[in-house]
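The values are calculated or read from the model by the stated rules, or taken from the named source; none is laboratory data. The shown structure was predicted, so the numbers you read here are calculated from the model rather than taken from an experiment. Note that we place each Cβ from the backbone using ideal geometry, even for glycine, and neighbour counts take in every protein chain shown.
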Amino acid sequence: MSFVKIWIHAVWGTKNREPVLTPEVRINLFRHIKEKGVERDNDIDFINGYLNHAHCLCLLSASMSISTLIQNIKGESSHWANQQHLLKGKLRWADEYYAASGSESQVEKVRDYIRNQEAHHRKQTFDDECKEFMRKYGFTKGQG
């Protein structure tokens with residue numbers, strides 16, 4: 001048996017940064033994502049976001065790649081949201097995402113950051129947040 005504990009902070013946006021994730025949509029969508037994660041053995045610790053994006057803190061299992069995890073979450077959640085007519089239009093996630101590992105000592109700090117997305121985005125746009133995320137973690141175009 002393998003023992004793995006890799007914390008991942010993943011961020012992805014809506015297609016074309018459409019501001020479709022209203023507070024009511026976010027509550028229902030993120031609750032569903034967390035519940036589906038339990039069913040699929042995806043350990044989603046915390047999820048939240050703002051009008052045009054989502055942040056997710058999860059543990060990566062030994063048998064799953066980050067790309068598969070994010071693809072599963074985005075694909076299943078948009079399918080469910082569209083079946084439920086959760087939005088007036090269709091929920092479409094952008095193809096790209098950002099993900100970085102974090103240490104056990106930083107988990108509560110990341111949870112707080114994710115928890116406070118609405119207040120955070122009164123001061124900073126999602127585009128600026130993405131640029132900061134890429135700078136902070138040393139991402140360059142072409143990675144991934």
*Just a yes or no: is a residue in region 100-108 in contact (Cβ under 8 Å) with a residue 24 or more places away in the chain, within 15 Å of G13 (Cβ to Cβ) and of a type in the set (D, E, K, R)?*
no
*Consider K141 carefully, then state whether it is over 17 Å from I27 (Cα atoms), out of contact with any Gly (no Cβ under 6 Å at 6 or more places or on another chain) and modelled with pLDDT of 95 or more.*
no
*asked:* Condition first: aliphatic (A, V, I, L, M) and part of a helix (DSSP H, G or I). Now tell me which residues in region 47-88 satisfy that.
replied: I66, L69, I70, I73, A81
*So which of A99, A62, A119 ends up being in contact with a His (Cβ under 8 Å, 6 or more places away or on another chain) and either under 17 Å from I47 (Cα atoms) or at pLDDT below 90 (or both)?*
A99
